[in-house]
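These notes concern the structure reproduced below.
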Amino acid sequence: MSSSEKCATGIVSGHRRKTRDEVNERARLIAGGLAALGVKQGDSVGILMRNDIAFLESAYAVMTLGAYAVPINWHFKPDEIAYVVKDSGARVLIGHADLLHGLTGVIPAGVTVLSLSPPPEIVTTYRIDPAQCAVSPGTIDFDGWLAQQTPYDGPALPQPQNMIYTSGTTGHPKGVKRFAPTPEQNASLEAMRALIYGLKPGVRALLPGPLYHSAPNAFGLRAGRLGDLLVIMPRFDPEEFLQIIDEQKIDNVFMVPTMFTRLLKLPESVRKSYDVSSLRHVIHAAAPCPADVKRAMIEWFGPVIFEFYGSTESGAVTFANSEDALKKPGTVGKISPGAELRFIGDDGQILPQGEIGEIYSRIAANPDFTYHNKPEKRAEIDRDGFITSGDVGYVDADGYVFICDRKRDMVISGGVNIYPAEIEAVLHGLSGVHDCAVFGIPDEEFGEALMAVVEPQPGSQLDVAAIREHLKVALAGYKVPKHIDIQKNLPREDSGKIFKRRLRDPYWERAGRKI
């Protein structure tokens, strides 16, 4: 960002800037075009983009129609993307051209695909081949299409949140479809969002996280409408992050703990060369943050570090400020206003204060949700209207909540939820594999890293490099285990199932933590 762009307003990405009015006008134009394509209230529209102003414009447009924008993780392989498009019932897919090039033949028939050239800052950041920026075969040039549209002038419709696909233990992602809030629910939610995200009119916000994730998506869409400034980073870079805060007098940021770790690894001379005193609310979530990392960030940024705990399904059910973090190292805070938590034992009974159980929560003001096309899956996480993401923890005598472990096998690496069942299914398809176990182990930078232990069939020879290449063909890169080990005679339970905890626990014991 050049000196001429200091103290900008509007929405900024790289050297591009648009006013909020410009963004809103373009969103109305996109909404008019989508309506002409037949998109109506309750429909779905896929968005396959990296962080871009056009992402926000497209999401606002879909919401204007009372439809569901469906952000898609662009790291997914073609088959994974096609699954989300098909499952969501998307009538239209809007994507960056280079991301669409590999989808020829896999997108379901009948879906209109609009191709948008990635902007210069994304081309540079990701080193995209210019040839890949051209409109891909079978798609429609977005800009040419938009030039023929007229702005939406229909009735104001209730605007639902974006439908975020969150992975499940079956290996297939599920769309969390939350209903549009009533006026009463919206008033309550506004108060909670103001507390959690710290967003208010006039805010100067920075978003370094991906818009396809639940919390960054909610943060970015809200900041884009409320703020004096929203800067979207194509990808997190520690020093560039500090430079933007300094030049733009940023006061509000959404982060994940991995970003804290990368910032703290910068040389002290670099860290001291940028002024971060404008910060007043740095909110983080998505993964556990080591207590020493949290303390170091508070010492550097000041008492402006906040944390919430929750999930796409539940919303933010706890909240912690810097004082809480220093007073109770490791806590995820106290129960958020309007939220309720229950800690359930293995016998299904509600446990008293101080006892460890599976965490179930609800926020009465939250609009209810269902899993798109899979409403029966709701029952798997629901107990009397309280829902769980499988975390295990307790609340202490002072009302502070602590997360101890996970009841399910989910791994959170760098703030991204990864489910071993999906990876294990791919490993089982490799010739010579008898059995396997995938789990998370401690990682200094990402919190957790994927570990795969593979047991060969008798007489077979397996090679780690070949296993890794096999996984890369079928899975997004972040799902390929960082560590792969080949072992014979894996420990098993009486049922014959691999005793995964015996493989996993020694790594966590050596690290002195369980999560």
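Which pairs have Cβ atoms under 7 Å, sit 6 or more apart or on different chains, and link a residue in segment 259-277 that is at negative phi to one that is assigned to a helix (DSSP H, G or I) and among the polar types (S, T, N, Q)?
As it stands, the answer is Y274/Q243, since those pairs meet every condition given.
Taking G202 as meeting all but one of (1) part of a helix (DSSP H, G or I); (2) at positive phi; (3) of a type in the set (G, A, S), write down the number of the exception.
Here G202 meets the rest and fails (1).
Restricting the search to segment 289-308, which residues are under 30 Å from D382 (Cβ atoms) and modelled with pLDDT of 95 or more?
F306, E307, F308
Being of a type in the set (G, A, S) and either touching a helix residue (DSSP H, G or I) at 6+ places or on another chain (Cβ under 6 Å) or touching a residue at least 60 places away in the same chain (Cβ under 8 Å) (or both) narrows it down to one residue among A187, A156, A191, A218; which is it?
On inspection, the qualifying residue turns out to be A191.
Is one or more of the residues making up segment 457-478 closer than 29 Å to V293 by Cα and outside any helix (DSSP H, G or I)?
Yes, there is a match, as at least one residue in segment 457-478 is closer than 29 Å to V293 by Cα and outside any helix (DSSP H, G or I).
How many residues are assigned to a loop (DSSP other than H, G, I, E, B) and charged (D, E, K, R) if we restrict to segment 120-172? Walk me through how you get there before you give the answer.
Pass one, segment 120-172, residues assigned to a loop (DSSP other than H, G, I, E, B): 126-129, 134-139, 147-163, 167-172.
Still in the list and also charged (D, E, K, R): 127, 129, 153.
So the answer is 3.
Could you say whether any residue in segment 69-79 is of a type in the set (G, A, S) and more than 19 Å from the chain's Cα centre (by Cα)?
Pass one, segment 69-79, residues of a type in the set (G, A, S): 69.
Filter again for more than 19 Å from the chain's Cα centre (by Cα), leaving none.
So far as segment 69-79 goes, no, none of its residues is of a type in the set (G, A, S) and more than 19 Å from the chain's Cα centre (by Cα).
If I ask for residues that are free of Cβ contacts under 8 Å to residues at least 24 places away in the same chain and surrounded by 21 or more Cβ atoms within 10 Å (Cβ to Cβ), which ones from segment 283-315 would you list?
Hit for segment 283-315 is I305, nothing else.
Those residues that are out of contact with any strand residue (DSSP E or B) (no Cβ under 8 Å at 6 or more places or on another chain) and outside any loop (DSSP other than H, G, I, E, B), I need them from segment 479-509; list them, please.
Selection gives R501, R502, D505, P506, E509.
Does V85 fit the bill of being buried (at least 19 other Cβ atoms within 10 Å of the Cβ), in the same structural domain as R17 (by TED's automatic domain parsing), of a type outside the set (D, E) and more than 23 Å from the chain's Cα centre (by Cα)?
No: the conditions fail for V85.
Which one is surrounded by the fewest Cβ atoms within 10 Å (Cβ to Cβ) among residues in segment 34-82 that are of a type in the set (D, E) and modelled with pLDDT under 95?
D79
Checking the structure you have, find out if any residue of segment 173-187 is more than 30 Å from E376 (Cα to Cα), outside any strand (DSSP E or B) and not aliphatic (A, V, I, L, M).
no
Only one of these conditions is not met by H483: (1) more than 30 Å from W74 (Cβ to Cβ); (2) within 25 Å of the chain's Cα centre (by Cα). Which number is it?
(1)
Of the numbered conditions (1) within 20 Å of D153 (Cβ to Cβ); (2) among the small types (G, A, S); (3) surrounded by 24 or more Cβ atoms within 10 Å (Cβ to Cβ), A90 satisfies every one except a single condition; which is it?
(1)
Out of all the residues in segment 462-478, which are farther than 15 Å from H428 by Cα and either in contact (Cβ under 8 Å) with a residue 12 or more places away in the chain or outside the structural domain of G440 (by TED's automatic domain parsing) (or both)?
A476, G477, Y478
Given segment 238-347, what strands (runs of 3 or more DSSP E) lie entirely inside it while holding 3 or more residues that are over 18 Å from the mean Cα position of the chain (by Cα) and not polar (S, T, N, Q)?
In segment 238-347, the matching strands (runs of 3 or more DSSP E) lie at 333-335, 339-344.
Counting only residues that are closer than 17 Å to E313 by Cα and at pLDDT below 85, which one in segment 187-213 is nearest to the chain's Cα centre (by Cα)?
R193
Yes or no: segment 262-281 includes at least one residue that is buried (at least 22 other Cβ atoms within 10 Å of the Cβ) and either in contact with a strand residue (DSSP E or B) (Cβ under 8 Å, 6 or more places away or on another chain) or of a type in the set (S, T, Y) (or both).
There is no residue in segment 262-281 that is buried (at least 22 other Cβ atoms within 10 Å of the Cβ) and either in contact with a strand residue (DSSP E or B) (Cβ under 8 Å, 6 or more places away or on another chain) or of a type in the set (S, T, Y) (or both).
Please work out if D237 is in contact (Cβ under 8 Å) with a residue 24 or more places away in the chain and more than 24 Å from I164 (Cβ to Cβ).
no
Can you give me the number of residues within segment 214-237 that are assigned to a helix (DSSP H, G or I), more than 16 Å from R280 (Cβ to Cβ) and over 15 Å from the mean Cα position of the chain (by Cα)?
3
The values are calculated or read from the model by the stated rules, or taken from the named source; none is laboratory data. No experiment lies behind these values; they were computed from the predicted model shown. FYI the Cβ positions are ideal-geometry reconstructions off the backbone, even for glycines, and counts take in every protein chain you see.
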